[in-house]
Amino acid sequence: MAAIDFEDEVEVVILIKAAPEIGRRHGETVCVAGLDRYGRWHRLYPVPYKDLQQSQRFNRWDRVRVRWRRPGDDNRPESKRIDPQSLRVVGAVPQAERGAFIERAIVRSLEVEYSSGRSLALIRPERPELRIKRLSAHELAKSQRRRDELHAQADMFANAEIPKQAPPYSFRFVFEHAGKQREYQCLDWETEWTFFKWREKYGEDATLKMMIETWSSFRDRGLVFAMGTHRVSHWRNWLLSGLIRIDQPQQGQFAL
């Protein structure tokens, strides 16, 4: 098999880690996106998170460098097919500089961004409200069958990052933006993990109450939504890919 040529190296501040998904082509991957020092978006895929070395594993606000090339099956301008072996964590954005860094990328209209050909955006939602909906028996069974199928594909998934149990709830946000009432399911990785982690420690009823209270406090203190579009071009909807708790920026400039 011919070696894959990767065009260049990019340094990205990680802002989005969407919920892990096990795919037939790339194994277990995490869809990752972030901004470079110039405020340009980069979608990095595939990231086989569970196969990364400990030193390569990253969190939100980490700065990573990685080699990339243009993907053949994704025409979104921000998308990059990466070489996972080249990925390096090279630092992190200090807490005091995060607001200023992120504020310059916040947009006022998702419709304008989409019509301009962009597929990633940050927005500040107005009056966001977390709504937790219990899945019907049919919906939960369908979701669980999908996870069982994916985990059964190969032995390599035995210790996969993605939970083997499908959450019995959908986590959705209702909010206003650009004069419109909107509702999106939250695909943020941390939201699903928070549910499972807290449920194990506090029980299900207490967890649901705590999640609503916690996200309500985020609303009051400052919350940014990271939005992305689907790879399939005819599916025009935006997706809520990440939640970023960040205050309005203070005076000062960010510099890498």
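Miscellaneous remarks
- From 47, 10, 89, 30, residue being at pLDDT 85 or above and within 23 Å of residue 118 (Cβ to Cβ): 10
- Selected residue (criterion: nearest to the chain's Cα centre (by Cα)) from residues of region 87-113 that are assigned to a loop (DSSP other than H, G, I, E, B) and under 17 Å from residue 63 (Cβ atoms): 105
- Count of region 214-239 residues which are farther than 17 Å from residue 183 by Cβ, at pLDDT below 85 and surrounded by fewer than 13 Cβ atoms within 10 Å (Cβ to Cβ): 5
- Scan of region 219-245 for residues that are part of a helix (DSSP H, G or I) and within 15 Å of residue 172 (Cα to Cα), ordered by number: 219
- Residue list for region 186-208, restricted to those being of a type outside the set (A, V, I, L, M, F, W, C), surrounded by 13 or more Cβ atoms within 10 Å (Cβ to Cβ) and assigned to a helix (DSSP H, G or I): 190, 191, 192, 194, 199, 202, 204, 207
- Residue, farthest from residue 240 (Cα to Cα), within region 175-189, restricted to residues that are of a type outside the set (A, V, I, L, M, F, W, C) and within 20 Å of the chain's Cα centre (by Cα): 177
- Considering 93, 89, 112, the condition of being without any contact (Cβ under 8 Å) to a residue 60 or more places away in the chain, touching a strand residue (DSSP E or B) at 6+ places or on another chain (Cβ under 9 Å) and of a type outside the set (Gly, Ala, Ser) is satisfied by 89 alone.
- Hits in region 73-115 (condition: surrounded by 16 or more Cβ atoms within 10 Å (Cβ to Cβ) and of a type in the set (Ser, Thr, Tyr)): 79, 114
- Filtering region 44-63 to residues that are closer than 14 Å to residue 14 by Cα and in contact (Cβ under 8 Å) with a residue 40 or more places away in the chain leaves 47, 49, 58, 59, 60, 61, 62, 63.
The values are calculated or read from the model by the stated rules, or taken from the named source; none is laboratory data. What you see is a predicted model, and the numbers here were worked out from it, not measured in a lab. Because the Cβ atoms are built from the backbone with ideal geometry, glycine has one as well, and the counts that use them run over all protein chains shown.
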